[in-house]
Every structure is written in C-alpha cells, then in structure tokens.
Amino acid sequence: MEQIIKIAIADDHELFREGLVRLIEMKTSLKVEFQAANGEEVIERLKTSTVDVVLMDIDMPIMGGIEATRKVCELYPDTKIIALSMHGDREYYFEMVAAGAKGFLLKSSELQEVVAAVENVCNGGSYFSQELLQMLVGQLRPADGLSEEVETETLSARETEILIEVCRGLSNQEIADKLFISKRTVDKHRANILEKTGCRNSANLVYYAIKNKLIEL
C-alpha cells in the first residue's frame, strides 16, 4: 500500500492555498491535513495534527515563515519545512535555511516539482527549485580570498572546486562529468566537505560557502 504523505499549507492568501490544495490532492500519495493563514496557526494546529511536511510561506502576518520554521523545527523535529517563495523573496533564503527549512519551491511550481520536493525532504534529503537556485547562484564565482572565520586549510582545492559546483546546483554525477572524475570520488569529497563544514545538506553548504566567502555573488 502506498504511503500517504501528510501536508500542511501555510500562506495568508486563501485563494493561493485553495489552488495549491487542489493541485496537491491530484496525487493520491499526498494529503493536505490542514491549512493555516500564518505561522501562529501552524504551531497551534500541530498540537493536535501530525504532518510530514509544511509548505511554509515566508511573508505572513502575526508570525512569519522564518520564526514559524524555527519553532516547528524546535517543537516538532520530525516535521519538515519547505519554503514557498516568490521571486522577490530570495533575500530571505539563508534565514529560512538557518531556521531549518529543507527546501524551497517557487509559488509558480508545477505539480511534478511539488511532489519531487515533498518526497525528497520526507526521505531525508532537500529540494530547491532549480529556477530559484539558478537565480541565487547563477553568477557564483570563486572568491579572491577567504573570510577570517575560515582557515584556508579547511577544504582542499578539489573540495572547494566541488563545493562551488554543488552551490551551482549540479548533481554528483554532473560534477563528476564536468571535472572528469568518477561519481564515487565526488561522493567521497562531498561527504568530506559536509563533515569538515558541519553542514547537513546542500542548502547549508550554499549558506556556508557564501557566508565564508568561498564563493561570492
């Protein structure tokens, strides 16, 4: 029997919520457990409802998505957060990642992408809209120098090279093809990068890389 993933939708625009509900419920593997107009409602509803994923708008009244994400991750660590983003929300990207969001979807995303995002985060991964990721890091280039917060020995030259490609949104196989090395080698380097930086996923790596000036926009 197919496992049903329970979803909550938090957005202050009712028409958008209703449209997203109709979109999601076209998939029998997904079920909208509840809707909320702000982060405070999400916290309140989670006291009596269990959901796997909250699709969280960033800009909401009373309690916005950043604070709500932080509280959900603290109180209900098994519940994953995917941020619902507009093109103009990208300045909040790193704040949402720091708060605990596991992914980002543009509000214009199609059903196939919503399903992929939900399934990825439920399986312990992360998902970031390729369109949004390209907007964020399409112009990334290696920085001329490192921040004083990071020792230059932390990552090897190859690890730094791979980190930059991760930030550009490339998969391990795509990185391997680009650098003419095996995927297994990329897997090993990526694991080392995560361990050395203390990051948990690609979102954290992008945050780490820009914060520490390993790359710049």
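The values are calculated or read from the model by the stated rules, or taken from the named source; none is laboratory data. Just so we're clear, the structure is a prediction, and the values are computed from it rather than from any experiment. Positions of Cβ are backbone-derived with ideal geometry, glycine not excepted, and every protein chain shown enters the neighbour counts. In case anyone asks, the SASA skips ligands and DNA or RNA and just uses the protein heavy atoms, side chains included. Shrake-Rupley method; radii C 1.70, N 1.55, O 1.52, S 1.80 Å.
A few remarks follow.
- Taking amide hydrogens as placed 1.01 Å from N in the peptide plane, the amide H of residue 81 sits under 5 Å from those of 54, 102, each at least 5 positions away in sequence or on another chain.
- Size-normalised alpha-carbon gyration radius of the range 1-47, reference 2.2 N^0.38 Å: 1.19
- Segment residue 13..residue 119, full-extension length gain: 35.7 nm, with 0.36 nm per residue of separation and the alpha-carbon distance subtracted.
- Label-to-label distance, nm, for residues given as residue 195 and residue 161 (7 Å Cα→Cβ offset): 2.1 nm
- The amide H of residue 106, built 1.01 Å from its N in the peptide plane, has 85, 129 as neighbours under 5 Å, considering only residues 5 or more places off or on other chains.
- Residue 31 accessible area, 1.4 Å probe, all protein chains in place, Å² to nearest 10: 90 Å²
- Estimated from the Cβ-Cβ distance and a Förster radius of 22 angstrom, the FRET efficiency linking residue 181 and residue 108 is about 0.05.
- Each Cα pair of the range 1-129 feeds into the Kirkwood radius, which the Stokes-Einstein equation turns, at 25 °C and 0.890 mPa s, into a diffusion coefficient of 174 µm²/s.
- Stretchable slack from residue 188 to residue 27, in nm (0.36 nm times residue separation minus alpha-carbon distance): 54.4 nm
- Two-site label geometry, residue 75 and residue 131: point separation in nm, points 7 Å out along Cα→Cβ: 3.3 nm
- With every protein chain in place, the range 17-130: carbon and sulfur % of accessible area (1.4 Å): 46 percent
- FRET efficiency for the pair residue 49 and residue 171, taken as 1/(1 + (r/R0)^6) with r the Cβ-Cβ distance and R0 = 30 Å, rounds to 0.30.
- If you plug the beta carbon distance of residue 59 and residue 3 into 1/(1 + (r/R0)^6) with R0 = 41 Å, you get a FRET efficiency near 0.80.
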